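Notes follow the structure.
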Amino acid sequence: MSDNRSSLLEASQGPADTESFDSDAVRRAIFDKLFFVRASYPRLATNTDYYMALVHCVRDMVLRRWVSTAAAYTETQVRTVAYLSAEYLMGPHLGNNLLNLGIYDEVRNVIDDMGLDFDALLAEESEPGLGNGGLGRLAACFVDSLATLEIPALAYGIRYEFGIFEQHIVDGWQVERTDKWLRFGNPWEIARPEWAVDIKLGGWTEHYTDELGRRRVRWVPERLVQGVPHDTPILGYRRNTANTLRLWRADAPKSFDFSVFNRGDYYGAVAQKVASENLSKVLYPNDEQEQGKELRLQQQYFFVSCSLQDMLRILETQGIPVDRFHEKFAVQLNDTHPAIGVAELMRLLVDKFFMTWEDAWEITRKTFAYTNHTLLPEALEQWPVDLFRRVLPRHLEIIFEINKRFLDELRVRYIADDSKVNEMSLINESGERYVRMAHLACVGSHAINGVAELHTRLLREQVIPGFAQLWPERLSSKTNGVTPRRWIALANPRLAELMTEALGDGWLRDLDQLRGLEAFAEDAAFRDRWRAVKQANKHDMMTRMRRHSAGLVDPLSVFDVLVKRIHEYKRQHLSILFVIAQYLRMKNGLADDLPPRTVIYGGKAAPGYHFAKLIIKLINSVGEVVNNDPQTRDRLRVVFMPNFNVTIGQQLYPAADLSEQISLAGKEASGTGNMKFQMNGALTIGTMDGANIEIREEVGAQNFFDFGLTSAAVQRRREEGYRPRDFYENDAELAAVIHLIESGLFAHGDASLFKPFVDQLLDYDPYFLLADFRSYCDTQRHVGETYQDTERWVRMSILNSARSGKFSSDRTIAEYCREIWDVQPLSVDLFVDHESLMQ
Ligand code: NBG
C-alpha cells in the first residue's frame, strides 16, 4: 500500500474520538487531500483549497459512521422517522461535524500548527440556505437531535440550486442577490443517481376495468420529471449515528425521449430538460405567506412523491410488505408544504399496489402526523381547484373522494348542522374553490401538533376548532427547541467552556443539567467570569460590525438585539419607535441616565413584501440620523446587520445582552431565536406570545421583562373596535415620535417616503403598535435601569441560561418520539474495517 493510501485510511479510521486523535495522521491526510482532491500543493494552495482538503478528511471520518449507521438500520429493519420538510436551514457543516466528532480543538491546533488560519477556513463554507426562517431552522435542529438521540431517521427535502437570497443594503434599502451556494461544489453531499425516481405531472386520468373486473384508474401525465437524491450525513454529537438528509434535485426524466433530437427539435428537447430542472431551481423566499404559484405546488409534489417512492423502495429492499408501511415509517409533515403526501400515498397504495380504499386509508392515517407552524390566516395554504387539477388531476380526484367520505361522517355526527361541513371540508367553497391543505393534513394524520402551549390552544380554539372537537385526542402541543450543540457549544465556545468547567460536559446532551448553574449565580467570582465572557463576545461582534456600519460601537453599551424575518406581526417597527423616542429625549435634554445602547437589527424581507422593505429602510434611516448626531451617538446606536443567516446568528446570539421578542400576542406560533438568546445568557423583553410565555415561566417573572397586551386582551380590543388614533392623541411622547417621522427628518426632508407607514399606524395599525407603545417604552427604560445594576443583571443572565433546559430540541424530539412516532433509539456499532461489510 502506498504511503498515501495508508495515511488516508489512518485519518478516516483513526481519530474516532479525542483519545485516539493522531495529529500527524490528520496533517498528512490534509496534504494528501490537497494533492489528490484539489490537485494543489502548499505553495499554490488557497484557503478554499485547504478548506476543501480539510472537509474531505472530516468527511472520511463521518462516512465511516454513516455507512455503519446505514448497515445497522438495514440489518435490523428498524422503525424509522421520515421527516418531510420543504426547508432545511442547516448552517455550515464543518465546525458542527468537528464538534460532533469530538475533535474540534484538536483539529484547530493541527491547522494552527500548519500556519493556517482555522477561522478563515471555516469561513470558506457558504451555508446552505435552504430555508426561510424558523420553520427551516427548526427542521435543522430536529435532525441534529434525532441523530444525537440515536433515533433512526431520514430527513427528506428539496435540493434548491438557489437558496434564500443574499441580502444587501443599498442606500438603506434591501436588495436581493441570488445565493450561489453550490458555486464551488458541495463536498458534503453524495449524489445517488441509482435511486432516482420518476415523477408525473399534469395530464389526465382514465378510469377502466382491468382483466379481473376491478375498477382502476390510470394517470396519463403530460410530462415526467426525474428526482435524483443527494445525501448529506447528519452526525450525532459524540455518537456513531449518522442519519441522512436526502434532498431531491429535479432533472430530465430517465426515459427522456432523445428521439425529438432526431426529429430536429433540438431546442424543444433541451427546453424540456430545462423545464424539468426548474422544479428544484429556487426556494420561494416567502415565510408565512402563500403565493399560490403553480411551480410551488409542483415543487411540493415533486419532493413528496420522490420521498414516498423512496420509502417504498426501502421497504422492498428490506423485504417488508407494503401493508406494513406505517409500521416501518412514521412520516412527519413539517407544516402543510408536504401535505399532498396524504393523497400521494393513497394514490400509490390504491393505483399501484391495488389496495382497497379502506386498507389504504388506514395505512395512510397511521403513517402521517402533522405539525402546524402558524396562526396567520394568510399563511394557511390553499390551492385553486383548477390549478390543482391542471398539475395533479389524479390527486384532486383522490382528495374529492377523501372529502366525500369525511363529510358523510360529519353529516351523521352533526345532524342538521351544515356549518360543520362547510367549516371542515377539504374544499373551500365560499367563492372560487380552493383545496385547503391544512384540512387535508388533519384528516390524513393520526396526530396534529402546535409548536408551543399558547399556539396549540389558539389552534384548538380558532384555527381548527372543528377538528379539535372531533378528535381531541389527536391534537397536542410540542413546544419547539433548539440544539445546544450549535447554539451554545459551537457559537459560544467561551461560555461552553465556563459551563463545562462548572458542571462537567453532560449538559451538552442533557441540557437540564444547566440548572446546576443556579448555585453559581451567587458566586461573585463566577459572575465576573460570566460577565467577562459576554464582554469578550461583544468585543468580537464590535469588530465584525465595524465592517458593516459607520463608526465604532461601544462594547460597554447594552447590546439590544432583534433578529428574525422582517414582518409586521413581529413588530420591528415598534422597536424603532422606541429608538426614536429615546433620540427625542436626548435631543430635548430629558434623557435619563440610562446606559448607552446599541440596537442591532437583522433579517430578510420577502422580496414582494413592500411594507417589510419599508421597515428596513426606516431602521437604516433612523440609524443614519442617530449615529451621526454628535449629541446622541455615544449613547444610542442603530445597526442593521445585512444578510442575517445561521452564520451571523452564531455570532450575534452570544453577544446579546437583551433579546427582543416583541410580536403581537397571539401571532408568533413559538419563536426559536428567543431560546437561542436565553441559552446564551441574554435577558428577554417580550410579549406574552408563543414560547416567550414558557420561557418566562421557566426563568421566573422577575428575570424576564414582559410587556404589552395579552392575546386575550388583543382579541377583546379588536371586538370592541380598536382606534389607534386614541393612543396618539393621548400620549405626547408617541405623538412626537410620529410627528418626527412625518416631518421627513429621516428621509432627507422627503415627507412622503414614510407616509404609508404613518398612515397605516394611525388609521389601521393591525398589529397594535400604538396600543403597546407605552408599555414597551416603559419596560425598555426599566431594562436600562436594571442593566445599571451589573451584579443583578449578571445574576439574571446566569439564571436565564441555567433555566433553558426545557428548550433543547432533544427534549422536543424525545416528546415526538414517545407521543407521536413511537420509535426507539438504536445504538450503532462502528464497523472495524470495510471488509466486514463486504460479505
Ligand atoms: C414559524 C413560526 C415561528 C416558529 C417556527 C417553527 C413558519 C411558517 N412558522 O413562530 O412563525 O417558531 O415556525 O415552528 O415559518
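The values are calculated or read from the model by the stated rules, or taken from the named source; none is laboratory data. In this text the structure is predicted, and so the values were computed from the model without any measurement. So basically every Cβ, Gly included, is an ideal-geometry build from the backbone, and we count neighbours across all protein chains shown. The accessibility values were calculated without ligands, DNA or RNA, using every heavy atom of the protein model including side chains. Shrake-Rupley method; radii C 1.70, N 1.55, O 1.52, S 1.80 Å.
Shape class for region 715-814: prolate, because the ratio a/c of the largest to smallest gyration tensor axis (alpha-carbon atoms, square roots of eigenvalues) is 1.5 or more and a/b beats b/c. For the chain, DSSP calls about 45 percent of its internal beta bridges antiparallel. 3J(HN,Hα) along region 104-121, derived from phi through the Karplus expression 6.51 cos²θ - 1.76 cosθ + 1.60 where θ = phi - 60°, amounts to 4, 5, 4, 5, 4, 5, 4, 5, 4, 4, 7, x, 9, 9, 4, 4, 5, 5 Hz, with x in place of Gly and Pro.
The aspartates and glutamates within cross-link reach of Lys617, meaning a Cα-to-Cα straight distance under 13 Å and a gap of 8 or more places when in the same chain, are Asp171.
Convex hull volume per residue, computed on the Cα atoms of region 169-295, equals 274 Å³. If the chain linking Asp510 and Gln462 were pulled fully straight, counting 0.36 nm for each residue of separation and taking away their Cα-Cα distance, it would gain 13.7 nm.
Relative to the compact-globule estimate of 2.2 N^0.38 Å, the Cα radius of gyration of region 784-835 comes out at 2.12.
Partner aspartates and glutamates whose Cα lies under 18 Å from the Cα of Lys180, excluding those fewer than 8 positions away in the same chain, are identified as Glu87, Glu124, Glu125, Glu127, Glu161, Glu166, Glu189, Glu277.
Normalised by the number of residues in region 711-803, the average gap of Cα pairs under 8 Å and 6 or more apart makes the relative contact order 23 percent.
Sum up the charges of everything whose Cβ sits under 9 Å from the Cβ of Gly227, counting Lys and Arg as +1 and Asp and Glu as -1, but leave Gly227 out.
On the way: positive: Arg249; negative: Asp198, Asp251, Asp310.
Surrounding charge for Gly227 is -2.
For region 597-620, the residues whose amide N sits under 17 Å from a probe point set 7 Å from the Cα of Lys293 along the beta carbon direction are 605-610. The modelled label-to-label distance for the pair Arg774/Arg717, using points 7 Å beyond Cα in the direction of Cβ, is 1.1 nm. In this simple spin-label approximation, Arg214 and Trp471 carry label points 7 Å from Cα along the Cα→Cβ vector, and these lie 2.6 nm apart.
A simple spin-label model places pseudo-atoms 7 Å from Cα toward Cβ; at Gln824 and Ser425 they are separated by 4.7 nm.
What number comes out for the charge environment of Lys281, summing +1 per Lys or Arg and -1 per Asp or Glu over other residues with Cβ under 11 Å away? Result for the local shell: 0. Of all lysines in the structure, those lying under 18 Å Cα to Cα from Lys667, and not within fewer than 8 positions of it along the same chain, are Lys478, Lys564, Lys570.
Taking the Cβ-Cβ separation of Asp523 and Glu733 as r and a Förster radius of 30 Å, what is the calculated FRET efficiency to the nearest 0.05? Present the calculation step by step, with values, prior to reporting the outcome.
Numbers: r = 41 Å, r/R0 = 1.37.
The computed FRET efficiency comes out at 0.15.
With a cut-off of 12 Å between beta carbons, the residues surrounding Asp144 carry a summed charge of +4, where Lys and Arg count +1 and Asp and Glu -1.
Grab the beta carbon distance between Lys273 and Asp418, set R0 = 51 Å, and tell me the FRET efficiency rounded to 0.05. Write out the running numbers ahead of the final one.
On the way: r = 50 Å, r/R0 = 0.98.
Working from the Cβ atoms, E equals 0.55.
Working note: Debye formula, equal point scatterers on the alpha-carbon atoms of the chain, no solvent; log10 I(q)/I(0) at q = 0.04, 0.07 Å⁻¹ is -0.18, -0.56. With protein chains left intact and a 1.4 Å probe, residues in the chain average 38 Å² of accessible area per residue.
Peptides 83-92, 594-603, 29-38 ordered by packing proxy, namely the average of other Cβ atoms within 10 Å per residue, highest first: 83-92, 594-603, 29-38.
Arg725 to Lys281: extension gain in nm, 0.36 nm per residue of separation minus the Cα-Cα distance? Mind showing how you got there, number by number?
Values: separation 444, 0.36 × 444 = 159.84 nm, distance 4.62 nm.
Gain on stretching Arg725 to Lys281: 155.2 nm.
What full-extension length gain, to one decimal in nm, is calculated for Val170 and Glu785 as 0.36 nm per residue of separation minus the Cα-Cα distance?
Using 0.36 nm per residue and subtracting the Cα-Cα distance, I get 217.8 nm.
Set the Förster radius R0 to 41 Å, insert the Cβ-Cβ distance between Asp117 and Glu194 as r into 1/(1 + (r/R0)^6), and round the FRET efficiency to 0.05. Calculated value: 0.55.
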